[in-house]
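Read-outs: derived from the displayed coordinates by stated rules, not from any lab. Since the model is a prediction, treat every value here as computed from it, not as a measurement.
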Amino acid sequence: MENTTKELFEDFTNQFKDDIFEYDVENHDDLVEFLEFIKEYKSDVNEAEYQGRDVKLNKPMRGDVKKFKVYVKNPKGNVVKVNFGHGGTSAKKAGEKTMKIKKSNPDRKKAFRARHNCDSPGPRTGARYWSCKAW
């Protein structure tokens with residue numbers, strides 16, 4: 001089996017392990033065909049509609065209000081936008097520049113993670129979770 005096939009299969013089983021009961025693979029071609037189907041199916045799972053437009057879920061991107069934003073589903077199943085980081089229009093209104101995070105500096109990284117309690121970052125719908133993930 002190719003490495004990409006193994007990676008796809010592991011990603012799929014980790015993401016949907018509660019939904020999979022059994023799948024029989026008789027040969028390598030069956031597995032490849034199944035994984036191609038899952039790759040197409042998975043792209044639909046990672047997209048949703050937010051305020052009338054299609055957005056990608058769980059993919060941090062440059063923000064409009066803050067430095068970064070990400071769209072996630074909350075426990076109720078609604079898509080919400082999480083803004084995080086210093087910057088964007090909130091910094092411009094205050095006359096500030098967006099801060100550089102310099103996460104390559106080990107001392108700064110350690111201080112940031114301690115200050116934000118990144119060992120238990122909270123739910124995915126919170127800004128702290130995504131800030132900690134970026135560090």
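Miscellaneous remarks
- Counted residues, region 102-127 - those being of a type in the set (A, V, I, L, M) and within 19 Å of the chain's Cα centre (by Cα): 1
- Region 110-131, residues that are closer than 20 Å to Gly87 by Cα and part of a loop (DSSP other than H, G, I, E, B): His116, Thr125, Gly126
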